1. I need every pair where a residue in segment 31-42 that is assigned to a helix (DSSP H, G or I) has its Cβ under 6 Å from the Cβ of a residue that is hydroxyl-bearing (Ser, Thr, Tyr) and modelled with pLDDT under 80, sequence separation at least 6 or different chains.
2. How do the pairs read when you match residues in segment 172-184 that are touching a residue at least 24 places away in the same chain (Cβ under 8 Å) with residues anywhere that are open to solvent by less than 50 Å² (accessible area, probe 1.4 Å) and aromatic (Phe, Trp, Tyr), using Cβ under 6 Å and keeping only pairs 6 or more apart or on different chains?
3. Go through segment 46-93 residue by residue and tally those that are surrounded by fewer than 19 Cβ atoms within 10 Å (Cβ to Cβ) and either among the aromatic types (Phe, Trp, Tyr) or not in a helix (DSSP H, G or I) (or both).
4. What's the number of the only condition in (1) closer than 17 Å to residue 188 by Cβ; (2) among the small types (Gly, Ala, Ser); (3) free of Cβ contacts under 8 Å to residues at least 12 places away in the same chain that residue 123 fails to meet?
5. Testing residue 15 on (1) under 19 Å from the mean Cα position of the chain (by Cα); (2) under 13 Å from residue 117 (Cβ atoms); (3) at pLDDT 90 or above, one condition comes back false. Which one is that?
6. Working only within segment 234-263, note down all residues that are among the polar types (S, T, N, Q) and in contact (Cβ under 8 Å) with a residue 24 or more places away in the chain.
7. State whether the residues of segment 372-383 include one that is under 29 Å from residue 130 (Cβ atoms), modelled with pLDDT of 85 or more, of a type outside the set (D, E, K, R) and open to solvent by less than 10 Å² (accessible area, probe 1.4 Å).
8. Between a residue in segment 353-367 that is of a type in the set (Val, Ile, Thr) and any residue that is in a helix (DSSP H, G or I), which pairs come within a Cβ distance under 7 Å, given they are 6 or more apart or on different chains?
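The values are calculated or read from the model by the stated rules, or taken from the named source; none is laboratory data. What you see is a predicted model; the values in this text were computed from it and never measured. Every residue, glycine among them, receives a Cβ derived from its backbone with ideal geometry; neighbour counts consider all protein chains shown. For the accessible areas, the whole protein counts, side chains as well, though only heavy atoms, and no ligand, DNA or RNA atoms are used. Shrake-Rupley method; radii C 1.70, N 1.55, O 1.52, S 1.80 Å.
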Amino acid sequence: MSTAAYEPLPLTSLLALATAAFITILTEALPAGLLLPMAQSLAVSEAWIGQTVTVYAMGSLVAAIPLTTSTQGMRRRPLLLLAITGFVIANSVTALSGSYTLMLVARFLAGVSAGLLWALLAGYAARMVPEHQQGRAIAIAMAGTPLALTIGVPAGTLLGNVMGWRTCFGLISALALLLMAWVRLKLPDFAGQAAGKRLSLGYVFTLAGVRPVLSVVLAFVLAHNILYTYIAPFLAKAGMAEQTDLVLLVFGVASLPGIWIVGVLIDRYLRALTLVSTILFGLAMLVLGIGAGIPGVVYLTVAAWGLAFGGAATLFQTALAKTAGEAADIAQSILVTAWNMAIAGGGIVGGVLLERLGASAFVPTMLVLLSTTLVVVWLGKRHGFPVSEVTNSDAR
């Protein structure tokens with residue numbers, strides 16, 4: 001094996017990207033933990049505060065592709081700084097404004113910034129390292145996501161209840177400002193695409209392997225969000241409604257070793273890890289469907305679900321980055337759109353199932369989606385999820 005495989009990763013730079021991911025997820029999810037104090041302060045219902053999360057997702061959904069496509073020629077570091085600036089502005093407005101309408105506008109801006117940032121992260125991380133280290137680099141850059149969900153949101157919720165919700169959003173703005181200085185000083189800059197090399201969205205979409213990866217993202221993430229969005233009514237059916245927060249904590253904690261395992265092994269076993277994650281997720285859901293009324297089974301299967309899902313974003317982004325090559329940023333913007341469509345679809349499909357068939361319909365639907373995922377990954381032996389994942393430098 002080549003000694004190049006042991007080259008140290010640029011951790012300082014990659015951790016800056018992980019902090020950007022942390023801020024993005026924290027900004028998105030924090031209102032869910034502060035519904036009551038925000039609603040009381042702004043004199044609106046908790047349901048209306050919940051729409052601040054919806055508006056954020058809409059911003060990402062509509063902006064990721066057009067923004068990424070139109071900024072192909074910009075240098076990468078100034079573009080990343082521009083995206084982070086959006087979080088500074090949006091969270092500052094949220095912290096200071098007494099207007100619910102203005103807050104919605106700020107949340108939409110935050111979502112737009114998130115759409116651009118997510119499209120940049122994987123490609124940025126991949127450009128900083130040799131090809132045989134790209135998976136690990138992307139895993140480190142994505143580590144901020146589970147940390148935000150397992151530590152950031154609970155800590156922010158606690159802080160918001162003690163010091164006030166506006167303080168939380170003000171602190172996120174301050175963190176984003178510090179991150180801007182970190183990025184400016186420590187991240188390498190990369191040129192944008194030259195005018196003659198810029199690729200159209202249609203061309204990128206037709207690249208071999210891109211559509212299979214996107215199909216897997218849609219099916220896998222839709223299956224996840226059907227249950228994750230409606231975990232409370234599912235647990236209520238099992239007599240565990242009061243344990244929803246603990247169940248979600250188990251899921252979040254279990255996702256951390258998932259992303260660590262993926263980060264260590266992804267550069268050699270991307271295909272195998274994707275298959276194993278899908279199978280583990282499916283088996284966990286099958287057992288959960290059978291033993292949903294037994295608390296021990298619920299906690300065990302939720303932990304397996306978290307382990308399977310923890311590294312999913314890294315797997316999919318790495319697969320797409322390797323498949324798309326120089327078109328990685330455009331391809332990632334499509335992935336961001338597909339991911340947000342799956343989040344929205346989870347709310348819609350799960351809601352219809354809950355209303356018409358009840359929570360017991362979740363697991364069979366998810367198993368169909370995960371079976372589809374498994375078939376697409378298995379068939380992607382040449383493009384998307386190739387069998388040969390050992391690079392030439394590893395083989396020597």
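1. Note: pairs meeting the criteria are 33/157.
2. 176/87
3. Here the count works out to 5.
4. (3)
5. (2)
6. Matches in segment 234-263: 243, 255.
7. yes
8. Pairs that qualify, where the first residue is of a type in the set (Val, Ile, Thr) and the partner is in a helix (DSSP H, G or I), are 363/285; 363/288; 363/289; 365/226; 365/353.
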